[in-house]
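A.B. asks: Pasting in a structure now, in structure tokens, and then I'll have a few things to ask.
Readers should treat all values here as calculations from the given coordinates under stated rules, not as data from a laboratory. Note that this is a predicted model, so its numbers are computed, not measured. Here the Cβ positions follow ideal geometry from the backbone for every residue, glycine too, while neighbour counts run over all protein chains shown.
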Amino acid sequence: MLKQRALGVYAACIFVFLHAPLVILIFFSFNAGRFTVWEGFSTRWYEAAMNDQQLADGLANSLTIALIAAALSTVIGTAAAYGMWRRGARWLSGMLYLSLVTPEIVTGVSLLALYQWAFRFLHLQLGMHTVIVAHVAFSIAYVTIVVAARLRNYDRTLEEAAMDLGATEWRAFTRVTLPAIAPAVAAAGLLALVVSFDDYVITSLVAGVDSETLPMVIYAMARRGVSPVVNAVSALIVVAFGALILLSQRLQDP
Amino acid sequence: MTLRRVFLFPARAWMAVFFAAPLGIVCGYSFLTRGEYGGVEEPWTLENFLRLADPLYLAILWRSVWIAAVATALCVALGFPLALFIARGGKRKTLWLQLVLLPFWTSFLVRTYAWLFILRDTGLVNTLLQAMHVTSAPLPLLYNEGAVLLGLVYNFLPFFVLPMYATLERLDPALLEASADLGARPMATLRRVIVPLSMPGIVAGAMLVFIPSLGAYLTPDLLGGGKTVMLGNLVQNQFTTARDWPFGSAASLVLMLVSAWLLGTLMRSRVAKELL
């Protein structure tokens, strides 16, 4: 057999490749200087980030959008997973898989086309609502997959027992099944939150002037040239996302 | 309506109105003509698709396929040994998998920006090279195909490693022992037993890397700096700066059909039944 030790050395290299960029980014966010030369420890870029109005507005918009979109897609996605549990729904599951593989840029421009067409009849403009609708559309698939995976391991006889004892279908769902799969639903919600908060491509196409999100602000800053302020914000995002995802995974398999 | 229908309705409605219908509109637009002020008008035409065969756009099409294929090949080459290592990891398996997945779950934008930060003229690599007097001027590491490839491999490597690991983990160790007992050297076992038996995982993982690479937008945009234009950037440009929605729609349609076709092949294959 191939030597596991040789493979181990190789794997270590790949792990370094995967983690080093983020570690370097976080490391230099504490640099006193502007360039990639260490000039001493400082939290000045974090202070600059805290005092930046654009970043604050972007963060507020992103949080609002992500919270609403995650809540909506969790409800819709959980319901869909439950609906598809005992008997498949071919069209819906096909659409959900398709939404996962359709390039983001295509999803974005086609939603933009729909909005522009609909705005001919409605007196609306691009804004927070159009972003939220878009985010729900691409988050449903993630929620459904996570909840469906949990339902696959869920003992269906529990629900049948509840109904034999006189519970209606609805009561059996809310009192028996939902509590049992609640951790997976929470995990799916956290995942939707992260996916929504992170999106740049679709958001940038369907956002209005008043709905610039944090990724859009970061993108604009990165485009203008590298600023250590972006490193500081990125470091905070990496830590926050990491915590949320670990929590989400803990909830999925305790 | 039964409860099941009630539960399915919101998702069905949302996906119909905000996913399927928009794709339908783009499909329709791709056969229409660009209006004078950037709108969309009749007559119906195939002009937009014919324009894609123009050498200028054919080059973009070709570059997208080429970059996605090379990124996929690199992910297979880099990911296979890693998946093999993890599958044999014993008790530490979960830890190794976490190490692969954790960076993947941090923001896509941040991960791409990290490479921008490292590869730019005053970035870590160029600063180190100059400090060690290896080079006297910064090397042009950004804004070329290499940088785009690096970004794609970095972002999508986990897509290959996961199905690959799942396949390798299920390989019956007895087969490997049998191969060794019958006198095969480790490399022969790898080439003639492990690789053929794990082909479904290789194919699934390769598809999962190829599909998002082909439709990549942010990576070529940030790391290619507008010089390495891929299909995704063409679509974005037609819908924003150029305001030629019919042509942008035609490009979107091609991109979407290829992605959907690849997904369809993957789902219908034996691989999907074994892994999904």
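A.B. asks: Order by neighbour count: A:VAL37, B:VAL153, fewest other Cβ atoms within 10 Å first, most last.
C.D. replies: Ordered by Cβ neighbours within 10 Å, fewest first: A:VAL37, B:VAL153.
A.B. asks: For B:LEU101 and B:THR240, compute 0.36 nm times the residue count separating them, minus their Cα-Cα distance, and round to one decimal in nm.
C.D. replies: On the way: separation 139, 0.36 × 139 = 50.04 nm, distance 3.42 nm.
Stretched out fully, the B:LEU101 to B:THR240 stretch lengthens by 46.6 nm.
A.B. asks: Okay, moving on. For peptide A:15-22, how many partner chain Cβ atoms fall within 10 Å of a residue's Cβ, on average?
C.D. replies: Rounded to a whole number, the mean comes out at 6.
A.B. asks: How large is log10 of I(q)/I(0) for chain B at q = 0.08, 0.10, 0.13, 0.15 Å⁻¹ when the intensity is taken from the Debye formula with one equal scatterer per alpha-carbon?
C.D. replies: With one equal scatterer per Cα and no solvent, log10 I(q)/I(0) is -0.48, -0.71, -1.05, -1.20.
A.B. asks: Also: Per residue of A:76-82, count partner chain C-beta atoms within 10 Å of its C-beta, then hand back the mean as an integer.
C.D. replies: Per residue, the number of nearby Cβ atoms from other chains is 5 on average.
A.B. asks: Next question, about the same structure. Nothing charged except the Cβ atoms of Lys and Arg (+1) and of Asp and Glu (-1): what's the magnitude of the dipole of chain B about its Cα centre? Round to the nearest 20 debye.
C.D. replies: That gives chain B a dipole magnitude of about 980 debye.
A.B. asks: Is there a quick way to get the dipole size of chain A? I mean about its Cα centre, with the Cβ of Lys and Arg at +1 and of Asp and Glu at -1; what is the value in debye to the nearest 20?
C.D. replies: Values: 16 positive and 15 negative charges, 125 e Å.
Dipole about the Cα centre, nearest 20: 600 debye.
A.B. asks: In nm, to one decimal, how far is the A:VAL23 label point from the A:HIS123 one, both placed 7 Å along Cα→Cβ?
C.D. replies: Inter-label distance under the simple model: 5.9 nm.
A.B. asks: For the range A:1-120, what does the alpha-carbon gyration tensor say about shape, rounded, prolate or oblate, given a ≥ b ≥ c as the root eigenvalues, a/c under 1.5 as rounded, and a/b over b/c as prolate? Walk me through the numbers on the way to the answer.
C.D. replies: Working: a/c = 2.62, a/b = 1.31, b/c = 2.00.
Judged from the Cα gyration tensor, the range A:1-120 comes out oblate (a/c at least 1.5, b/c at or above a/b).
A.B. asks: Shifting gears a bit: Roughly speaking, what is the stretch gain from B:LEU58 to B:ALA73, that is 0.36 nm per residue apart minus the C-alpha to C-alpha distance, in nm to one decimal?
C.D. replies: 3.2 nm
A.B. asks: Can you run phi through the Karplus equation (6.51, -1.76, 1.60; θ = phi - 60°) for the range B:130-144 and list ³J(HN,Hα) in whole Hz, with x for Gly and Pro?
C.D. replies: The phi angles translate into 6, 5, 8, 6, 7, 10, 9, 10, x, 7, x, 8, 9, 6, 8 Hz.
A.B. asks: 222 nm [θ] for the protein assembly as shown, helices only, -39500 (n - 2.57) per DSSP H run of 4+, per residue, to 500?
C.D. replies: -23500 deg cm²/dmol
A.B. asks: Can you pull out the trypsin sites (Lys or Arg not before Pro) in the range B:169-276 whose DSSP state is coil and whose Cβ has at most 15 other Cβ atoms within 10 Å? Could you put the intermediate results ahead of the total?
C.D. replies: Working: sites: B:ARG170, B:ARG191, B:ARG192, B:LYS227, B:ARG243, B:ARG268, B:ARG270, B:LYS273; in loops: B:ARG170, B:LYS227, B:ARG243.
Sites meeting the loop and neighbour criteria: B:ARG170, B:LYS227, B:ARG243.
A.B. asks: Which whole-number percentage describes the relative contact order of chain B, with Cα contacts under 8 Å and a sequence gap of 6 or more?
C.D. replies: This gives 28 percent for chain B.
A.B. asks: Something else about it: For the range A:1-21 and the range A:126-190, write down the distance between their C-alpha centroids in whole Å.
C.D. replies: So the separation of the two Cα centres works out to 39 Å.
A.B. asks: Under the rule that an exposed site lies in a DSSP loop and has at most 12 other Cβ atoms within 10 Å, name the longest stretch of chain A with no chymotrypsin sites (Phe, Trp or Tyr not before Pro) of that kind, not counting the sites themselves.
C.D. replies: It runs A:122-254.
A.B. asks: Which loop-located trypsin sites (Lys or Arg not before Pro) does the range B:79-132 contain, where loop means any DSSP state but H, G, I, E or B and the Cβ has at most 11 other Cβ atoms within 10 Å?
C.D. replies: none
A.B. asks: While we're here: Can you quote the Å³ per residue value for the convex hull of the Cα atoms in the protein assembly as shown, rounded to an integer?
C.D. replies: Numbers: hull volume 97.5 nm³, N = 530.
Per-residue hull volume (Cα only) is 184 Å³.
A.B. asks: Next question, about the same structure. With a cap of 11 neighbouring Cβ atoms within 10 Å, and only residues DSSP puts in a loop, list the trypsin sites (Lys or Arg not before Pro) found in the range A:117-161.
C.D. replies: Working: sites: A:ARG120, A:ARG150, A:ARG152, A:ARG156; in loops: A:ARG120, A:ARG156.
Sites meeting the loop and neighbour criteria: A:ARG120, A:ARG156.
A.B. asks: Also: Quick one: which residues, 5+ away or cross-chain, put their amide H under 5 Å from the amide H of B:VAL40? H built at 1.01 Å from N.
C.D. replies: Here B:GLY35 satisfy the definition.
A.B. asks: In whole angstrom, how long is each semi-axis of the equivalent ellipsoid of the range A:129-228, when you take the square root of 5 times every eigenvalue of its Cα gyration tensor and sort them from largest down?
C.D. replies: The equivalent ellipsoid of the range A:129-228 has semi-axes of 41, 13, 9 Å.
A.B. asks: Which parts of the range A:219-254 would a label at A:ALA186 reach, counting a residue when its backbone N lies under 20 Å from a point 7 Å out along Cα-to-Cβ?
C.D. replies: A:240-254
A.B. asks: Follow-up question, since we're still on this one. Need one word for chain A: rounded, prolate or oblate. Basis is the Cα gyration tensor (sqrt eigenvalues a ≥ b ≥ c); a/c below 1.5 gives rounded, then a/b vs b/c decides.
C.D. replies: Oblate shape, in that a/c is at least 1.5 and b/c is the bigger or equal ratio.
A.B. asks: Please state the charge dipole magnitude for the protein assembly as shown, taken about the Cα centre, from unit charges on C-beta atoms (+1 on K and R, -1 on D and E), reported in debye and rounded to the nearest 20.
C.D. replies: Dipole about the Cα centre, nearest 20: 1380 debye.
A.B. asks: Between A:LEU244 and A:GLN116, what is the spin-label point distance in nm, taking each point 7 Å from the Cα along the Cα→C-beta axis?
C.D. replies: 3.1
A.B. asks: Put a dot 7 Å past each Cα toward the Cβ at A:SER42 and A:ALA56; how far apart are the dots in nm?
C.D. replies: 2.2
A.B. asks: How high is the relative contact order of chain A? Use alpha-carbon pairs under 8 Å, at least six apart in sequence, and give a whole percent.
C.D. replies: Reported relative contact order: 32 percent.
A.B. asks: Rounded, prolate or oblate: which fits the range A:1-42, taking a ≥ b ≥ c as square roots of the Cα gyration tensor eigenvalues, rounded meaning a/c under 1.5, else prolate when a/b beats b/c? Mind dumping the intermediate values first?
C.D. replies: On the way: a/c = 5.29, a/b = 4.47, b/c = 1.18.
Prolate is the answer for the range A:1-42, as a/c is 1.5 or above and a/b outweighs b/c.
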